[in-house]
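Undergrad: Sharing a structure below in structure tokens format, with a few things to ask.
The values are calculated or read from the model by the stated rules, or taken from the named source; none is laboratory data. Model, not experiment: these values are computed from the prediction. A quick note on method: Cβ atoms are made from the backbone with ideal geometry, for glycine too, and the neighbour counts reach across all protein chains shown. Please note that ligands, DNA and RNA were not included when accessible areas were found on the heavy atoms of the full protein model with its side chains. Shrake-Rupley method; radii C 1.70, N 1.55, O 1.52, S 1.80 Å.
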Amino acid sequence: MKAYAYAPGKIIICGEHFVVYGATALAAAINRGTTAEAEPSPTTTIYSKDFGLQADLSTNSIPEKLKPLTAAITAVKEHLGEKRGVKLTIQSDLPPRSGLGSSSSSAVAAVAASALALGHRLPLDDIIKLAMVAERLVHKNPSGIDVQVSARGGLLLFTKGSQPELIKLKEKVRFVIASTGVERETGELIERVRVWRERNLSLFSSLVESVTTLSRCCAEALILGDLKRVGAILNFFHTTLSWLGISIKEIEQIVEAALSSPAALGAKLTGAGGGGSVIILCSEDGADDVVKSVSKVASETFITTLPNNGVKTWVKKS
Ligand code: PMV
């Protein structure tokens with residue numbers, strides 16, 4: 001028997017970075033993610049098809065890039081009190097280090113599939129706790145938003161340390177996601193914002209308060225279908241994040257090209273910045289026009305509608 005899990009990637013619609021310091025952020029699962037396949041085995045091996053790398057825990061040969069997943073799978077075995085190992089293979093259709101949550105969707109899928117291969121369908125809270133073992137090694141000081149969205153799915157208002165609030169939409173919403181193709185380390189960008197905050201403590205704390213208000217305002221506008229208001233909030237966030245010094249030329253080119261399309265209602269960098277991706281909110285039926293506008297300057301573009309489901313697991317008899 002083989003066990004499988006699929007976990008989606010995510011976009012942060014508003015509140016990235018400020019969420020690390022207690023602000024409420026709004027994020028959503030997207031239509032791309034990571035699939036993990038696992039089966040019981042005498043020893044534990046982890047193979048990443050995307051990196052072309054294998055970790056073998058019996059020989060302690062663990063490539064740097066697979067250390068976070070190795071730690072999470074070790075935590076799963078401890079949690080279950082299991083002596084058996086798992087043979088785990090993961091594959092993602094999310095570009096790595098692009099602000100779309102590839103590391104957290106890999107961790108969520110790997111945890112859920114490994115536990116299922118060992119005979120346990122873990123509750124969501126356990127999947128989240130165990131996937132956070134990997135996330136902490138990748139991002140140093142993560143808020144936990146990526147793992148929460150990947151596991152729970154949907155559209156979530158998230159405040160560090162609290163249960164996320166699920167926002168239900170009456171109508172589907174369309175975003176274009178455009179990647180710069182510039183990979184970056186989230187931990188370095190979190191550090192850059194930490195330095196900015198140290199230099200502007202009182203300003204930063206008023207921004208944290210405003211971000212909470214705006215994230216709630218954005219969720220309300222999405223529920224009401226007031227997409228013009230959502231677009232204006234996205235543009236405000238993009239300007240604020242650029243001011244923190246985490247935008248780059250490639251991001252600005254995509255935002256400018258996107259906003260030249262009448263079908264684009266708002267655009268911003270998503271996630272840590274410094275490269276990664278831009279999200280563009282589109283009018284109904286306008287997504288193809290926006291894709292045309294940004295495809296000259298983006299390395300990859302795709303359309304996602306919201307909402308999308310979180311982690312799912314299944315088994316196949318071999
Ligand atoms: O790694 P990314 O690009 O998905 O960014 C994560 C979002 C941050 O707010 C920058 C960090 C965090 O843990 O919340």
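Undergrad: Name the residues in the stretch 273-285 that are open to solvent by less than 10 Å² (accessible area, probe 1.4 Å) and either farther than 20 Å from ASP226 by Cβ or without any contact (Cβ under 8 Å) to a residue 60 or more places away in the chain (or both), would you?
TA: GLY273, GLY275, GLY276, SER277, VAL278
Undergrad: Scan the stretch 235-253 and give yes if some residue there is open to solvent by less than 10 Å² (accessible area, probe 1.4 Å), at pLDDT 95 or above and in a strand (DSSP E or B), otherwise no.
TA: No, that holds for no residue.
Undergrad: Restricting the search to the stretch 14-24, which residues are open to solvent by less than 10 Å² (accessible area, probe 1.4 Å), within 7 Å of the ligand (Cβ to nearest atom) and more than 16 Å from SER102 (Cβ to Cβ)?
TA: VAL19
Here is a yes/no grid of residues against (1) away from the ligand (no atom under 11 Å from the Cβ); (2) aliphatic (A, V, I, L, M); (3) touching a strand residue (DSSP E or B) at 6+ places or on another chain (Cβ under 6 Å):
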{"residue": "ALA112", "(1), (2), (3)": "yes, yes, yes"}
{"residue": "SER162", "(1), (2), (3)": "yes, no, no"}
{"residue": "THR180", "(1), (2), (3)": "yes, no, no"}
{"residue": "LEU201", "(1), (2), (3)": "yes, yes, no"}
{"residue": "PHE204", "(1), (2), (3)": "yes, no, no"}
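Undergrad: Sticking with this one: May I ask you to say which residue of THR43, THR34 is away from the ligand (no atom under 16 Å from the Cβ) and either crowded, with 24+ Cβ neighbours inside 10 Å or not in a strand (DSSP E or B) (or both)?
TA: Exactly one of THR43, THR34 is away from the ligand (no atom under 16 Å from the Cβ) and either crowded, with 24+ Cβ neighbours inside 10 Å or not in a strand (DSSP E or B) (or both), namely THR43.
Undergrad: Does PRO68 count as at pLDDT below 95 and over 20 Å from THR313 (Cβ atoms)?
TA: Details: at pLDDT below 95: no; over 20 Å from THR313 (Cβ atoms): yes.
So PRO68 fails the test.
Undergrad: Give me a count of the residues in the stretch 45-65 that are closer than 11 Å to THR89 by Cα and not aromatic (Phe, Trp, Tyr).
TA: 9
Undergrad: Failed condition for THR159, given (1) touching a helix residue (DSSP H, G or I) at 6+ places or on another chain (Cβ under 9 Å); (2) exposed (fewer than 14 other Cβ atoms within 10 Å of the Cβ), with all others met?
TA: Every listed condition holds for THR159 apart from (2).
Undergrad: Could I ask something else about it? Failed condition for THR59, given (1) polar (S, T, N, Q); (2) more than 18 Å from the chain's Cα centre (by Cα); (3) open to solvent by less than 30 Å² (accessible area, probe 1.4 Å), with all others met?
TA: (3)
Undergrad: Within the stretch 162-185, how many residues are surrounded by fewer than 19 Cβ atoms within 10 Å (Cβ to Cβ) and at negative phi?
TA: So the answer is 12.
Undergrad: Given (1) closer than 25 Å to GLY33 by Cβ; (2) surrounded by 17 or more Cβ atoms within 10 Å (Cβ to Cβ), identify the lone condition not met by GLY231.
TA: Single failed check for GLY231: (1).
Undergrad: Got at least one residue in the stretch 193-216 being assigned to a loop (DSSP other than H, G, I, E, B), closer than 24 Å to SER103 by Cβ and not charged (D, E, K, R)?
TA: No - not one qualifying residue is present in the stretch 193-216.
Undergrad: Considering only residues of the stretch 72-122 that are over 27 Å from ALA28 (Cβ atoms) and touching a Pro at 6+ places or on another chain (Cβ under 7 Å), which is surrounded by the fewest Cβ atoms within 10 Å (Cβ to Cβ)?
TA: ARG84
Undergrad: Can you find, within the stretch 123-136, the residue that is nearest to ALA107 (Cα to Cα) among those that are open to solvent by 10 Å² or more (accessible area, probe 1.4 Å) and either assigned to a loop (DSSP other than H, G, I, E, B) or within 13 Å of the ligand (Cβ to nearest atom) (or both)?
TA: Across the stretch 123-136, the extreme among qualifying residues is MET132.
Undergrad: If THR313 meets every condition in (1) open to solvent by less than 10 Å² (accessible area, probe 1.4 Å); (2) under 30 Å from MET1 (Cβ atoms) apart from one, which number is that one?
TA: Condition (1) is where THR313 drops out.
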